[in-house]
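Undergrad: Structure in structure tokens, see below.
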Amino acid sequence: MSNPWEEISLDDYEKHMSLDSVRQLQAMNAIMKEQFAAYPVDTATVLGIAGGNGLEHVSPDKFRKVYGVDINADYLRAVAQRYTELSGVLDCLQLDLINEAEKLPKSQLLIANLLIEYIGYGAFQRAVLQTAPEYVSCVIQINTDAELWVSESPYLHAFDRLDEIHHQMEEAALTAAINETGYSLILQESCPLPNGKALVRLDYRKTEVIQ
């Protein structure tokens with residue numbers, strides 16, 4: 001059976017995420033600006049790139065290579081069309097992170113925003129170990145109601161199948177999983193959303209070599 005994310009149109013996804021009652025697209029854009037600027041790196045991998053929200057903050061003067069990874073080929077085609085100014089810097093890779101983490105390239109910064117919820121802690125650990133970054137920067141969604149983790153909107157039914165792969169996230173559990181891969185928490189910030197949810201950014205730095 002296909003992954004549910006292969007069936008969700010980018011238009012439905014972005015319209016839902018940008019609604020005034022949701023405002024996750026806008027919040028994520030501001031967070032990604034900070035993520036790209038935060039650390040002295042020149043390579044980055046963005047897991048779950050979707051339509052490329054936030055890539056306008058990639059400076060070719062700073063980054064020599066940015067990898068955008070997604071399971072949805074249509075999303076990646078849209079990214080390539082939208083960000084032609086990053087030609088030579090941006091590489092789009094279609095990968096199923098649950099089953100193909102070993103295909104990820106090495107990079108100094110790994111960004112995973114609203115992605116770990118859909119692959120689970122174990123698959124994310126494998127992605128971190130394969131990428132071997134100096135820094136890991138994640139955003140997870142904290143829900144006040146675990147049953148209503150997708151916000152109400154006219155596009156709600158586009159996301160019906162996500163229940164099949166969604167994992168409820170907790171900051172402490174994510175940090176424990178990342179600690180096991182040899183990284184320590186260096187930043188924790190919360191961004192409240194209009195509907196009672198919150199986006200929590202958690203950044204980690206490599207502390208040891210895992211054999």
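The values are calculated or read from the model by the stated rules, or taken from the named source; none is laboratory data. Nothing here was measured: the structure is a model prediction, and the numbers come from that model. When the accessible area is computed, the model is the full protein with side chains, heavy atoms only, and any ligands, DNA or RNA have been set aside. Shrake-Rupley method; radii C 1.70, N 1.55, O 1.52, S 1.80 Å.
Undergrad: Quote the convex hull volume per residue of region 93-146, based on C-alpha atoms, as a whole number of Å³.
TA: 80 Å³
Undergrad: Take the Cα gyration tensor of region 1-105, multiply each eigenvalue by 5, square-root it, and list the three semi-axes largest first, rounded to whole angstrom.
TA: They are 21, 19, 12 Å, listed largest first.
Undergrad: Can you give the accessible area per residue of region 1-92, in Å², using a 1.4 Å probe? List each step's numbers first, then the result.
TA: Details: 4110 Å² over 92 residues.
Counting only protein heavy atoms, the per-residue value for region 1-92 is 45 Å².
Undergrad: Of 33/62; 65/197; 15/103; 62/206, which sit over 23 Å apart, Cα to Cα? Before the final figure, lay out the partial values.
TA: Values: 33/62 13 Å; 65/197 33 Å; 15/103 31 Å; 62/206 21 Å.
The answer is 65/197; 15/103.
Undergrad: May I pose another question? Relative to the present Cα-Cα distance, how much length would full extension add between residue 56 and residue 171 at 0.36 nm per residue of separation?
TA: Extending this stretch completely gives an extra 38.6 nm.
Undergrad: Any chance you could run the full-extension gain for residue 42 through residue 93? It's 0.36 nm times the residue separation minus the Cα-Cα distance, nm to one decimal.
TA: Taking residue 42 through residue 93 to full extension adds about 16.5 nm, to one decimal.
Undergrad: Subtract the Cα-Cα distance of residue 129 and residue 74 from 0.36 nm times their separation in residues, and report this length gain in nm to one decimal.
TA: Values: separation 55, 0.36 × 55 = 19.80 nm, distance 2.74 nm.
Taking 0.36 nm per residue and subtracting the Cα distance, the gain is 17.1 nm.
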